[in-house]
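Before any comments, here is the structure.
The values are calculated or read from the model by the stated rules, or taken from the named source; none is laboratory data. These numbers come from a predicted model, not from an experiment. A quick note on method: Cβ atoms are made from the backbone with ideal geometry, for glycine too, and the neighbour counts reach across all protein chains shown.
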Amino acid sequence: MVRDYFELAKPRIIVLLLITTAAAMVMAARGIPPLALTFWTLLGGALAAWLSLCGNVFYVGIYTMWLKRTTPLNIVIGGAAGAVPPLVGWAAVTHQIGGPALGLFALIFLWTPPHFWSLALMTETDYAKANIPMMPNVAGEERTKREIIYYTILLVAASLVLYPLHVMGAIYTAAAAVLGAIFLYDTIHTWKDAGTLWARRTFKYSLLYLALMCLVMVIDRIVA
């Protein structure tokens, strides 16, 4: 039972959200922010509480209790909740919202559909049994796979446009191009695969992709 509650807490997602928060804090400080500030921000969003609260209210009240059970686009809309942590981290250091934090917000928002729909392709029957209208069991696998590719293209494009907008530098852009190409490669093979092998690979890589994108954003910000 303890393990079930642990899994319901989505520990992998929480770790990713903490990574994005910490990454935004390091970018905002252009180095390591005060440890006490980092600790309390990661623990409960103590210094940008209204942003954190809005994210939690949106996730629990709107996404989990309403969207998730009423529309197959729940992941697209609910992605905004998961994209809030970098705004919290940036605001905790600077007391305002900056371009890099907004860029990371956009990336997480666009990353969410291919990430969760890849998982949904592996667990389609579970969602159907729970009467949750996820894309695969509502629109079918073919439509879901195409949507994964579309959102991945948007994600890669959004990640690269941060350079001409002078939000991120050359180091980030080179890494983003390589990481994005791998992501797109995986999604295309997911579309061609009749089974779930590539969907599983895409899901696992999506976790690595977001973590590495946060890392290169931090490196680029500090070096620049």
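State whether one or more residues within the stretch 128-151 are under 15 Å from L104 (Cβ atoms), surrounded by 19 or more Cβ atoms within 10 Å (Cβ to Cβ), touching a residue at least 12 places away in the same chain (Cβ under 8 Å) and in contact with a Phe, Trp or Tyr (Cβ under 9 Å, 6 or more places away or on another chain).
Checked against the condition, which is being under 15 Å from L104 (Cβ atoms), surrounded by 19 or more Cβ atoms within 10 Å (Cβ to Cβ), touching a residue at least 12 places away in the same chain (Cβ under 8 Å) and in contact with a Phe, Trp or Tyr (Cβ under 9 Å, 6 or more places away or on another chain), the stretch 128-151 yields no hits at all.
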> Among A181, A175, A211, which is closer than 22 Å to P33 by Cβ and in contact (Cβ under 8 Å) with a residue 12 or more places away in the chain?
Replying inline: A211
> modelled with pLDDT of 90 or more, among the hydrophobic types (A, V, I, L, M, F, W, C) and buried (at least 23 other Cβ atoms within 10 Å of the Cβ) - does that describe any residue in the stretch 94-102?
Replying inline: no
>> Given the criteria at pLDDT below 95, outside any loop (DSSP other than H, G, I, E, B) and within 18 Å of the chain's Cα centre (by Cα), does L119 qualify?
In response: yes
> If we scan the stretch 155-171, do we find a residue that is in contact (Cβ under 8 Å) with a residue 24 or more places away in the chain, touching a Leu at 6+ places or on another chain (Cβ under 6 Å) and surrounded by fewer than 19 Cβ atoms within 10 Å (Cβ to Cβ)?
Replying inline: yes
>> Considering only residues that are of a type outside the set (A, V, I, L, M, F, W, C) and farther than 24 Å from P133 by Cα, which ones fall in the stretch 144-169?
In response: S159, Y163, P164, H166, G169
> Restricting to the stretch 18-45, what's the tally of residues that are closer than 24 Å to S206 by Cα and at pLDDT below 70?
Replying inline: 1
>> Considering only residues that are without any contact (Cβ under 8 Å) to a residue 40 or more places away in the chain and either among the hydroxyl-bearing types (S, T, Y) or surrounded by fewer than 14 Cβ atoms within 10 Å (Cβ to Cβ) (or both), which ones fall in the stretch 190-203?
In response: K192, A194, G195, L197
>> Tell me which helices (runs of 4 or more DSSP H) are completely within the stretch 124-224 and hold 2 or more residues being touching a His at 6+ places or on another chain (Cβ under 7 Å), or say none if there are none.
In response: 197-223
